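Notes to accompany the following structure.
The values are calculated or read from the model by the stated rules, or taken from the named source; none is laboratory data. For clarity, every value in this text was computed on a predicted model and none was experimentally measured. Counting neighbours? That spans all protein chains shown, and the Cβs are built from the backbone with ideal geometry, glycine included. Remember, those area values only see protein heavy atoms, side chains included, never the ligands or the DNA or RNA. Shrake-Rupley method; radii C 1.70, N 1.55, O 1.52, S 1.80 Å.
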Amino acid sequence: QFFVFCHGLLQLSQLLVSGYLKSSISTIERRYGLSSQTSGLLASFNEVGNTLLIVFISYFGSRVHRPRFIGCGAILVSLAGFLMSLPHFITGPYEYDQSVASMFSNTTDLCQPGVPGSRGNLSDAGCTPRAARENHEVLLVMFIAQALLGIGGVPIQPFGISYIDDFASERNSPLYLGILFSVTVIGPGVAFMLGSAMLRFYVDIDKVTGDEVQLTNKDPRWVGAWWLGFLVAASLVALSAVPYFFFPREMPKEFPLFLSDFPLVLLRNLRHPVYLLVVLAQVNLSAMVAGLATFMGKFLERQFSLTASLANMIIGAVNIPGAMVGIVVGGAILKKFQMSLRQCSAMCVLGMFLCLLVAFPLLFLGCPTQKVAGVTYSKSSEFGEHALECNLQCNCPEKAYNPICGSNAVEYISPCSAGCRAVNITADNSVLNYSNCSCISENGLMGFAKPGTCGTGCSHLFLPFVVLSCLAGILASTSHTPSFMLILRSIQPEDKSFAVGIQFMLLRVLAWMPGPVLYGSAIDTTCILWEKKCDRKAACRYYDNNLFRQR
């Protein structure tokens, strides 16, 4: 029982490390200028190390000191967690364009007609070879950390489960495994809640004092303390690893397993039609879940103008518990009605069909991107010709990004692009508003603008979206247990653990690895304004929200 407790704790903290990355992905994109394709590849890269080893490890499972192997794996996972936070400590403070001169920038991005056109701004200053090299180092460190995370995670689940199954009584084993299984489902939920908590702090909380930070967490330039969660999670993993070095090896009699049987068993399972079809169905579902888990937060942030922190809170407190409810309900129905294999498959089909029905309206629940001058919307149609020249004499720095919302409900990429010549500051040095803006005209007078984005005006659709997506998740996950039963009952008993190993390998290679990359690439195709760093595309500033939602 102590082993079950330790293993539950270890699995939870291991999932915290891998799940936490997904909750902070949109923040890391913004901080290091990554496209969603790159961040999707990063999020699924831990599966690479994992896949290479998982089949062999589960094949040799009975010949090694399992607890010690689990402990070593956990140490690797912990190391990977600490490595993930390293980029924060090797790079300088986060820099962003702003209008108020401060220790980060002495440029202001207001309209200054007298100044020549080559005005420097931050995005350009960050283009030294050193900065470019720094960015490569950051990516390299993170990809290595993800690979380590995958390799370290290999022994944890298969060895833990087989160890418990070997030494628990027949009667208690299902209970123990059920406890562990529910932990693996809760894990990501806890990770998203951890993300929600950490992203409320400013990224450089350790490098600057509070009053020097002029962003609020609602600002589109806000970057939360993404690295903090990795330190928390990695420390937890390290703690959970300790007891494993003291568990006994104790083994029942070994049964001979030879590598020469490997291809035979593999073919026997892959030729089994029920096994193959069910695994392929699970692959399709898992690819969708993997992509959603990675980018759902980003989707909510963009579609409904939420903060990263709130988006994580919703996913961790609503969507993931919903999926848990579905899994439990599916298992309970199975148990109550003692279903045959044919009824199991019918139940899977029904769950999926209902899920599709409920999810279909989600295609339409959302709004177009807000009007952004010069990006989604050109004003010449409204004000005649002079509107386009309204900021020509300002010599705006091309790449400045400091969005403001005009009193005409149009968003501008920076105060300069709106032709604003004055900024009004509150006592604590934060921006109150911008005025004398030549591009924002209201009844013939010059308008003003507030700092921050205008938002999508979609908040009324947020609740129905959450309700429907949660329902769809519950319905889809009712098929989880019956689909597992289809696999376990349709193959030869002695192939069971191996068949589950192959199943997980196929899920990794065909679903969890490509899923986030495909989603990220699809999301990238809907970008309408890229941030440029050193003449290469960095993170996306604005998406076409309708396309983002549909794709």
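Before moving on, here are some points about what is shown:
- Taking first residues from the stretch 6-28 that are touching a residue at least 60 places away in the same chain (Cβ under 8 Å) and partners that are aromatic (Phe, Trp, Tyr), the Cβ contacts under 6 Å between residues at least 6 apart in sequence or on separate chains come to SER23/PHE192; SER24/TRP226; THR27/TRP226; ILE28/TRP226.
- Selection count, the stretch 165-198, where residues are closer than 23 Å to VAL289 by Cα and touching a residue at least 40 places away in the same chain (Cβ under 8 Å): 17
- Neighbours by Cβ (under 7 Å, 6+ apart or cross-chain): first from the stretch 329-341, more than 21 Å from LEU471 (Cβ to Cβ); second among the hydrophobic types (A, V, I, L, M, F, W, C) and at pLDDT below 90: LEU341/LEU486
- When the stretch 247-285 is filtered for residues that are in a helix (DSSP H, G or I), of a type outside the set (A, V, I, L, M, F, W, C) and either at pLDDT below 80 or open to solvent by 60 Å² or more (accessible area, probe 1.4 Å) (or both), the ones remaining, listed by number, are SER260, ASP261, PRO263, ARG268, ASN269, PRO273, ASN284.
Residue-wise test of (1) within 25 Å of ARG342 (Cβ to Cβ); (2) outside any helix (DSSP H, G or I).
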site	(1), (2)
VAL467	no, no
ALA476	yes, no
ILE487	yes, no
PHE498	no, no
GLY515	no, no
ALA522	no, no
ALA538	no, yes
ARG541	no, yes
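- Residue count for the stretch 409-429, restricted to those that are among the small types (Gly, Ala, Ser) and not in a loop (DSSP other than H, G, I, E, B): 3
- Total residues in the stretch 150-169, condition open to solvent by 40 Å² or more (accessible area, probe 1.4 Å) and within 12 Å of ILE75 (Cα to Cα): 1
- From MET288, MET347, MET339, residue being surrounded by fewer than 17 Cβ atoms within 10 Å (Cβ to Cβ), of a type in the set (A, V, I, L, M) and modelled with pLDDT of 90 or more: MET288
Residue by residue, here is whether (1) touching an Asp or Glu at 6+ places or on another chain (Cβ under 9 Å); (2) under 15 Å from SER85 (Cα atoms) holds:
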| residue | (1), (2) |
| --- | --- |
| PHE5 | no, no |
| GLN11 | no, no |
| GLN14 | no, no |
| TYR20 | no, yes |
| ARG31 | no, yes |
| LEU34 | no, no |
| SER39 | yes, no |
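- Against the criterion of being modelled with pLDDT under 90, hydroxyl-bearing (Ser, Thr, Tyr) and over 21 Å from VAL183 (Cβ atoms), SER309 does not qualify.
- Within the stretch 479-526, tally of residues that are under 21 Å from the mean Cα position of the chain (by Cα) and open to solvent by less than 20 Å² (accessible area, probe 1.4 Å): 7
- Among the residues of this structure, THR38 does not count as one that is in a helix (DSSP H, G or I), at pLDDT below 90 and open to solvent by 10 Å² or more (accessible area, probe 1.4 Å).
- In the stretch 377-393, residue modelled with the lowest pLDDT [restricted to those that are surrounded by 18 or more Cβ atoms within 10 Å (Cβ to Cβ) and within 39 Å of the chain's Cα centre (by Cα)]: LYS379
- Considering the conditions (1) assigned to a strand (DSSP E or B); (2) more than 15 Å from VAL372 (Cβ to Cβ); (3) open to solvent by less than 40 Å² (accessible area, probe 1.4 Å), LEU432 is excluded by exactly one of them, (3).
- Within the span defined as the stretch 41-53, one or more residues are touching a helix residue (DSSP H, G or I) at 6+ places or on another chain (Cβ under 6 Å), part of a loop (DSSP other than H, G, I, E, B) and closer than 14 Å to GLY152 by Cβ.
- Residues of the stretch 206-242 that turn out to be under 28 Å from LEU76 (Cβ atoms) and open to solvent by 10 Å² or more (accessible area, probe 1.4 Å), as a count: 10
- Candidate set: the stretch 429-457, residues that are closer than 19 Å to ASP97 by Cα and out of contact with any strand residue (DSSP E or B) (no Cβ under 7 Å at 6 or more places or on another chain); chosen: the one modelled with the lowest pLDDT: ASN429
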